[in-house]
Amino acid sequence: MALPTQADDFPGWYQEVVKQAGLAEPSLARGTMVIKPYGFAIWERIQRAFDDRIKATGHENLYFPLLIPHKLLEREAQHVEGFAPEVAVVTHAGGEELEEPLIIRPTSETIIWATYAKWVQSYRDLPLLYNQWCNVVRWEKRPRLFLRTTEFLWQEGHTAHETADEAVAEARRILLEVYRDAAESVLALPVRVGRKSESERFAGAVETYCMEGLMRDRKALQAGTSHYLGQNFAKAYGVKFLGREGVEAFAEATSWGVSTRLVGGVIMTHGDDRGLRMPPLLAPVQVVIVPIHKSDEERATVTEATRRLVAGLHGVRVKVDDREGFRPGYKYNEWELKGVPIRLEVGPKDVAAGQVMLARRDNGNKMPVPEAGVADVVAKTLEEIQRSLYEQAAEFRDAHTFAPADYAEFKRLLEDPGGFLEAPWCGDRACEDRVKADTKATIRYLPLDPVDPSGNCLICGRPAKELAAWAVAY
Ligand SMILES: [Zn+2]
């Protein structure tokens, strides 16, 4: 079935790509999804990109339980207020009502900090630099595959430090050295990094740092967050240590996460009217080879040539599509829909000429390549596609980043064409609320380090305190 075009129906396009490319489908409990093999292969490569960087910056993985005593959640007031509406509670188990209800983790600060209280006695026990890969549940009223699902997969890092400076440096290092680096260099997602306004902060955080991407429909996607939690959780869960001067102090905390939502970000950043376009470093399949033959004799020649090709593409993730009963055109469409960066077509005439046809998914270009030079051309082309997808996305984002002169222009630009709108802001929640009511846009990020906004708040006209970037977001 043909895809709707992005211009006509972006949500419909997204839904059909997820379905037809075999990424995921809705499951039976409301808001849950089945991640299918191709979608899961993409997630595994995302995991690899982030996990490598998490470990390279000195963190270790561990695992905490899914179930958390309900009473633990209640100890940090802001946290419980933020999460209570979306928490699933287990009240019955083993055929009877539980004396103490349990929650299914929406995030694990509570159980982790209750446990850190046992692990931390002295400054010598710090820092704790831990991360876990797991599933979480947040009750979702308007689910969308990968973007908002009741259960999703993610990593959550939870670190404990001696000083506030160390914890702030940790939260920023994760944002820049782990999240932005993985997003930009592997997923080819250009992101803006910054701070959240108070109203958009994580429940219980002192500061929330974020990375935000701009999707092809000119809506923003929060692609990852890293929080400096101060001593809020240490105080709520009693994580105290004896400091260097012999004085007791509360530990300083960070937490940070990226999730399966990134799969949605990749689809909506790089996809076109023909389907997905996978950045080569992320692609589960980098090169698909389609052998073309009619007679048995042709098949023998082409199969032999295909074998030579595969052997020559050492280190490349190659798939040979030798399924019987499908025409080559059908196979081409399917792999284009799945966004495989390079397709190699091998027919009897190509073999006779000592060449293969190479087709690029990113720009549709097709060219013959001498068989002897295939490995070099493929390696070079994969690099080019990786760079080109990043550059296209960055150019698109920059072309949709505006600095409106007044609030009327702000509203007009947000309506058409949409994108990031950078505007001076007084810092008052009332102006955020007004923009949200007028346009649905929210502040996506404030500069990582505050800049002098010079001028007046675009909404109320009072002196500005921040330069805020607004957008309609997922
Ligand atoms: Zn204002």
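The values are calculated or read from the model by the stated rules, or taken from the named source; none is laboratory data. All values derive from a computational prediction rather than experimental measurement. Cβ: placed from backbone, ideal geometry, glycine included. Neighbour counts: every protein chain shown. Side chains included, ligands, DNA and RNA excluded: accessible areas come from the protein's heavy atoms. Shrake-Rupley method; radii C 1.70, N 1.55, O 1.52, S 1.80 Å.
Here are a few things to note about the model shown:
- Filter result for residue 359 (assigned to a strand (DSSP E or B), at pLDDT 95 or above and within 16 Å of the ligand (Cβ to nearest atom)): no
- The listed residues are 252, 245, and the only one of them that is farther than 30 Å from residue 74 by Cα, over 12 Å from the mean Cα position of the chain (by Cα) and acidic (Asp, Glu) turns out to be 245.
- Candidate set: the range 428-468, residues that are of a type in the set (D, E, K, R) and crowded, with 18+ Cβ neighbours inside 10 Å; chosen: the one farthest from residue 209 (Cα to Cα): 432
- Scanning the range 268-300 for residues that are of a type in the set (S, T, N, Q) and surrounded by fewer than 19 Cβ atoms within 10 Å (Cβ to Cβ) yields one hit, 295.
- Hits in the range 324-355 - residues which are of a type in the set (Lys, Arg) and under 27 Å from residue 281 (Cβ atoms): 331, 338, 343
- Taking the listed residues 159, 163, the one that is over 15 Å from the mean Cα position of the chain (by Cα), open to solvent by 40 Å² or more (accessible area, probe 1.4 Å) and polar (S, T, N, Q) is 163, with no other qualifying.
- Of everything listed in (1) free of Cβ contacts under 8 Å to residues at least 24 places away in the same chain; (2) part of a strand (DSSP E or B), the single unmet condition for residue 246 is (2).
Each row is one residue, and each column tells you yes or no for (1) acidic (Asp, Glu); (2) within 15 Å of the ligand (Cβ to nearest atom); (3) touching a helix residue (DSSP H, G or I) at 6+ places or on another chain (Cβ under 7 Å); (4) under 30 Å from residue 6 (Cα atoms).
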| site | (1), (2), (3), (4) |
| --- | --- |
| 407 | no, yes, no, yes |
| 423 | no, yes, yes, yes |
| 428 | yes, yes, no, no |
| 435 | no, yes, no, yes |
| 449 | yes, no, no, no |
| 452 | yes, no, no, no |
| 455 | no, yes, no, no |
| 471 | no, no, no, yes |
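One line per residue, one yes/no per condition, for (1) aromatic (Phe, Trp, Tyr); (2) surrounded by fewer than 17 Cβ atoms within 10 Å (Cβ to Cβ); (3) touching a Lys or Arg at 6+ places or on another chain (Cβ under 9 Å):
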{"residue": "87", "(1), (2), (3)": "no, no, yes"}
{"residue": "106", "(1), (2), (3)": "no, no, yes"}
{"residue": "133", "(1), (2), (3)": "yes, yes, no"}
{"residue": "176", "(1), (2), (3)": "no, yes, no"}
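- Residue 116, sole failed condition from (1) in a helix (DSSP H, G or I); (2) open to solvent by 50 Å² or more (accessible area, probe 1.4 Å): (2)
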